[in-house]
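A.B. asks: Let me begin by handing over the structure; questions about it come next.
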Amino acid sequence: MIELLDVSKDYGTTHALRGVSITIPRGQVTVLIGPSGCGKTTFLRVINRLVTPTAGKVLIDGQDNTGIKSEDLRRGIGYAIQGVGLFPHWTVAGNIATVPKLIGWQRERIEKRVRELLELVGLSPKDYANRYPAELSGGQAQRVGVARALAADPPILLMDEPFGAVDPLTRIRLQNEFMRIQSRLKKTVIFVTHDLEEAIRLADRIAIMAAGEIVQYDTPENILSKPANKYVHDFVGTDRALKRLSRFKVADFVKQTSAIRLSDIDKITAQANRFSWIIGDRGEFKGWLDETMLGAGNPSDAVVIPQDDFALPRDASLRQALSIMLGQGVRALPVVDESGIFLGEVTLADVEKATTDSKAA
Ligand SMILES: Nc1ncnc2c1ncn2[C@@H]1O[C@H](COP(=O)(O)OP(=O)(O)OP(=O)(O)O)[C@@H](O)[C@H]1O
């Protein structure tokens, strides 16, 4: 548990934090969100003591953080920052090993940990351990940043816009991976973002900040349905029913649907008004085929759409499903597991129903 007790931080006449008091529960994800300059980074940095408050106290599990040795702070609090902050002249392995080295781990233990973490964040140690940051894509670099923050297995993780600098699709993947990792590791996470949907998706609790103060600290559901004041109301915006869709997982809406094996395609006969999902021999999603294609008398030309553009991972949100449906102009999307195996479909009608139900809630 982390407690800020009446914490203020002034830089000259700038009040970066103004008497912030908050209790952050253990093992949950707390998201800080608010406009640029409202004090989010300062909030994180008073916790790991990179910033000394002008007034007030920070307690970590009841202990004043000014009384904790810096070595214990480094070990106990992982920090993943905006724009990654990897050391350019160190390899990926060297970067991940930063804190374990500082706190004196043996070489073998460090190497084992680096391998474990690379696997955890979905990068093969063989291919990535010896690369330099310049040889990574934005998304890969962000993953290394997260691995580095987790290196010494800290119970607390501070993440300052860790997925800020990547394209939207990579961001969705990183969010999904983060949720998967967090459901396993159950860290106490404080996560800063500018993106309300990211907040709604990832947070157990959201703290909305303005000008150095916390204006509402609540569950995503309550932030959406019971904004504390006009500021939060305006911040959340008008399309709240849509934003709420970020909380629903595709996995909870997927319907089992029949699919046709690519090898059986020449046996298909046209079904009126219906297209068919096409899968490979292992059950992996391949694409779709509709009656117009059959009508053209060329069944072996199934329209195989690359999975990355089309199939939804089962841990995607309904909001993401809706964006893709609108973007692609389709009423149903295939859903796949981590290995690309076809699980069924989610339809526009499911999304509509979830929107209506959650409006009523
Ligand atoms: N070292 C510093 N010296 C002077 N002013 C600072 C310093 N660090 C932060 N500030 C000021 O304190 C305020 C809060 O900054 P902070 O970085 O915490 O905001 P933020 O919400 O994280 O912003 P952003 O979303 O843009 O990263 C800002 O007005 C900023 O200019």
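A.B. asks: Are there any pairs with C-beta distances below 7 angstrom linking a residue in segment 236-251 that is within 12 Å of Leu196 (Cβ to Cβ) to a residue that is part of a loop (DSSP other than H, G, I, E, B), with the two at least 6 apart or on different chains, and if so which?
C.D. replies: Going by the 7 Å Cβ cut-off, the qualifying pairs are Val236/Pro227.
A.B. asks: Determine which member of the set Gln175, Gln216 is assigned to a helix (DSSP H, G or I) and not hydrophobic (A, V, I, L, M, F, W, C). Spell out how you get there, then give the answer.
C.D. replies: Values: Gln216 fails: assigned to a helix (DSSP H, G or I).
When all the criteria are applied, what remains is Gln175.
A.B. asks: Mind counting the residues in segment 48-67 that are away from the ligand (no atom under 12 Å from the Cβ) and β-branched (Val, Ile, Thr)? Explain how you work it out, then say what you get.
C.D. replies: First pass over segment 48-67, keeping only residues away from the ligand (no atom under 12 Å from the Cβ): 48-49, 53, 55-67.
Keeping just the survivors that are β-branched (Val, Ile, Thr) gives 58, 60, 66.
Within segment 48-67, residues that are away from the ligand (no atom under 12 Å from the Cβ) and β-branched (Val, Ile, Thr) number 3.
A.B. asks: Can I ask one more? Which one of Asp252, Asp309, Asp266 is surrounded by 10 or more Cβ atoms within 10 Å (Cβ to Cβ) and modelled with pLDDT under 85?
C.D. replies: Asp309
A.B. asks: Further, regarding this structure: For segment 313-326, which residues satisfy the criterion of being part of a helix (DSSP H, G or I) and either more than 30 Å from Asp281 (Cβ to Cβ) or not small (Gly, Ala, Ser) (or both)?
C.D. replies: Taking segment 313-326 and keeping what is part of a helix (DSSP H, G or I), we get 318-326.
Residues satisfying the conditions are Leu318, Arg319, Gln320, Leu322, Ser323, Ile324, Met325, Leu326.
A.B. asks: Count, please, the residues in segment 146-172 that happen to be hydrophobic (A, V, I, L, M, F, W, C) and assigned to a helix (DSSP H, G or I). Steps first, please.
C.D. replies: Filtering segment 146-172 down to residues hydrophobic (A, V, I, L, M, F, W, C) leaves 146-147, 149-152, 156-159, 163, 165-166, 169, 172.
If we keep only those that are assigned to a helix (DSSP H, G or I) as well, we get 146-147, 149-150, 169, 172.
Residues that pass the stated criteria total 6.
A.B. asks: Could you check segment 123-151 and list, in sequence order, the residues that are within 17 Å of Val166 (Cβ to Cβ) and of a type in the set (D, E, K, R)?
C.D. replies: Our first condition is that a residue be within 17 Å of Val166 (Cβ to Cβ); within segment 123-151, this holds for 123, 128, 133-149.
Selection gives Glu135, Arg143, Arg148.
A.B. asks: For the list (1) within 23 Å of Phe191 (Cβ to Cβ); (2) in contact (Cβ under 8 Å) with a residue 12 or more places away in the chain; (3) not hydrophobic (A, V, I, L, M, F, W, C), I need the number of the one condition that Glu119 fails.
C.D. replies: (2)
A.B. asks: Could you list, in sequence order, the residues of segment 1-57 that are at negative phi, in a strand (DSSP E or B) and among the small types (Gly, Ala, Ser)?
C.D. replies: Answer for segment 1-57, where residues must be at negative phi, in a strand (DSSP E or B) and among the small types (Gly, Ala, Ser): Ser8, Ala16, Ser21, Ala55.
A.B. asks: Right, here's the next one. State the number of residues belonging to segment 129-143 that are at pLDDT 90 or above and touching a Lys or Arg at 6+ places or on another chain (Cβ under 9 Å).
C.D. replies: Residues in segment 129-143 being at pLDDT 90 or above and touching a Lys or Arg at 6+ places or on another chain (Cβ under 9 Å): 1 in total.
A.B. asks: Of the conditions (1) farther than 16 Å from Ala207 by Cβ; (2) surrounded by 19 or more Cβ atoms within 10 Å (Cβ to Cβ), Trp105 fails just one. Which one is it?
C.D. replies: Result: Trp105 passes all but (2).
A.B. asks: Could I ask something else about it? List, please: which pairs have Cβ atoms under 9 Å, are six or more places apart or on different chains, and start with a residue in segment 334-361 that is assigned to a helix (DSSP H, G or I) and end with one that is at pLDDT 90 or above and of a type outside the set (A, V, I, L, M, F, W, C)?
C.D. replies: Short answer, once both residue conditions are applied: Asp350/Lys255.
A.B. asks: All but one of (1) within 27 Å of Gln175 (Cβ to Cβ); (2) at pLDDT 95 or above; (3) more than 7 Å from the ligand (Cβ to nearest atom) hold for Ser21, so report the exception by its number.
C.D. replies: Failed condition: (1).
A.B. asks: If you take the residues in segment 184-227 that are among the polar types (S, T, N, Q) and buried (at least 19 other Cβ atoms within 10 Å of the Cβ), which one is nearest to Gly237 (Cα to Cα)? I'd like the intermediate steps shown before the answer.
C.D. replies: To start, the set of residues in segment 184-227 that are among the polar types (S, T, N, Q) comprises 188, 193, 216, 219, 222, 225.
Those left that are additionally buried (at least 19 other Cβ atoms within 10 Å of the Cβ): 188, 193, 216.
Working: Thr188: 29, Thr193: 17, Gln216: 15 Å.
Once the filter is applied, the top-ranked residue is Gln216.
A.B. asks: Right, another one. Just give me the residues in segment 24-36 being more than 12 Å from the ligand (Cβ to nearest atom) and surrounded by fewer than 17 Cβ atoms within 10 Å (Cβ to Cβ), in sequence order. Can you show your working first?
C.D. replies: Of all residues in segment 24-36, those more than 12 Å from the ligand (Cβ to nearest atom) come to 24-31.
Selection gives Pro25, Arg26, Gly27, Gln28.
A.B. asks: Sticking with this one: Check Gly39, Gly12 and return the single one that is assigned by the TED database to the domain that holds Asp153, under 12 Å from Gly212 (Cβ atoms), within 12 Å of the ligand (Cβ to nearest atom) and modelled with pLDDT of 90 or more. Before the answer, list the steps.
C.D. replies: Numbers: Gly12 fails: under 12 Å from Gly212 (Cβ atoms).
From the options Gly39, Gly12, the qualifying one is Gly39.
A.B. asks: Next up: If you check Leu224 against the conditions, is it closer than 23 Å to Arg49 by Cα and either not acidic (Asp, Glu) or not assigned by the TED database to the domain that holds Glu119 (or both)?
C.D. replies: Details: closer than 23 Å to Arg49 by Cα: no; either not acidic (Asp, Glu) or not assigned by the TED database to the domain that holds Glu119 (or both): yes.
The answer is no for Leu224.
A.B. asks: Quick check on Ile181: is it buried (at least 23 other Cβ atoms within 10 Å of the Cβ) and on the phi < 0 side of the Ramachandran plot?
C.D. replies: Details: buried (at least 23 other Cβ atoms within 10 Å of the Cβ): no; on the phi < 0 side of the Ramachandran plot: yes.
Spelling it out, it is not the case that Ile181 is buried (at least 23 other Cβ atoms within 10 Å of the Cβ) and on the phi < 0 side of the Ramachandran plot.
A.B. asks: Also, I was wondering about something else. Does Pro155 qualify as being surrounded by fewer than 19 Cβ atoms within 10 Å (Cβ to Cβ) and over 16 Å from Ala80 (Cβ atoms)?
C.D. replies: Values: surrounded by fewer than 19 Cβ atoms within 10 Å (Cβ to Cβ): yes; over 16 Å from Ala80 (Cβ atoms): no.
No: the conditions fail for Pro155.
A.B. asks: If the Cβ limit is 6 Å and pairs must be 6+ apart or interchain, which residue in segment 63-81 that is without any contact (Cβ under 8 Å) to a residue 40 or more places away in the chain pairs with which residue that is surrounded by 19 or more Cβ atoms within 10 Å (Cβ to Cβ) and not in a helix (DSSP H, G or I)?
C.D. replies: Asn65/Val58; Leu73/Asn48
The values are calculated or read from the model by the stated rules, or taken from the named source; none is laboratory data. Since we're looking at a predicted model, the values are computed, not measured. When we count neighbours, we look across all protein chains shown, and the Cβ atoms used for this are built from the backbone with ideal geometry, even at glycine.
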